[in-house]
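Novice: Mind looking over this structure? Questions follow.
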């Protein structure tokens with residue numbers, strides 16, 4: 001890949017502080033700028049990828065919600081089901097606790 005030059009203006013204090021920061025990381029200012037640029041591009045791409053995935057999830061949910069064959073479950077039904085599952089888990093944990101030998 002061919003290199004190209006990126007020229008921009010920055011105030012002297014920031015340039016000096018950035019150069020010191022880079023030196024503290026055993027890098028030149030140019031090396032640190034390249035790292036920061038790559039990270040910015042990667043973060044931007046990750047956000048675009050997430051947004052694309054999220055939009056597809058929303059579209060799928062809307063399509064499912066609009067489908068006349070979709071089975072709907074009431075909130076009360078879901079709460080009752082989770083209460084049953086939780087009670088079963090609590091019983092199982094209590095049974096396991098009762099089978100453990102007492103601590104000495």
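Novice: Nearest 10 degrees is fine. How inclined is helix 29-66 to the longest principal axis of the chain, computing both from alpha carbons?
Specialist: The helix 29-66 is inclined about 30 degrees to the chain.
Novice: Helix 12-24 versus the longest principal axis of the chain: what is the Cα-based angle in degrees, 0 to 90, to the nearest 10?
Specialist: Result, in degrees: 60.
Novice: Which whole-angstrom value gives the distance between the alpha carbon centres of the range 19-44 and the range 45-104?
Specialist: Using only Cα atoms to place each centre, the spacing works out to 43 Å.
Novice: So what's Rg/Rh here for the chain, counting alpha carbon atoms and using the Kirkwood radius for Rh?
Specialist: 1.37
Novice: Take the chain, connect every pair of alpha-carbon atoms lying under 10 Å apart with a spring to form a Gaussian network, then pick out the residue of 67, 11, 51 with the largest mean-square fluctuation.
Specialist: 11
Every read-out reported here was derived from the displayed coordinates using simple, explicitly stated rules and does not represent laboratory data. Here the structure is a predicted model, which means the values were calculated and not measured.
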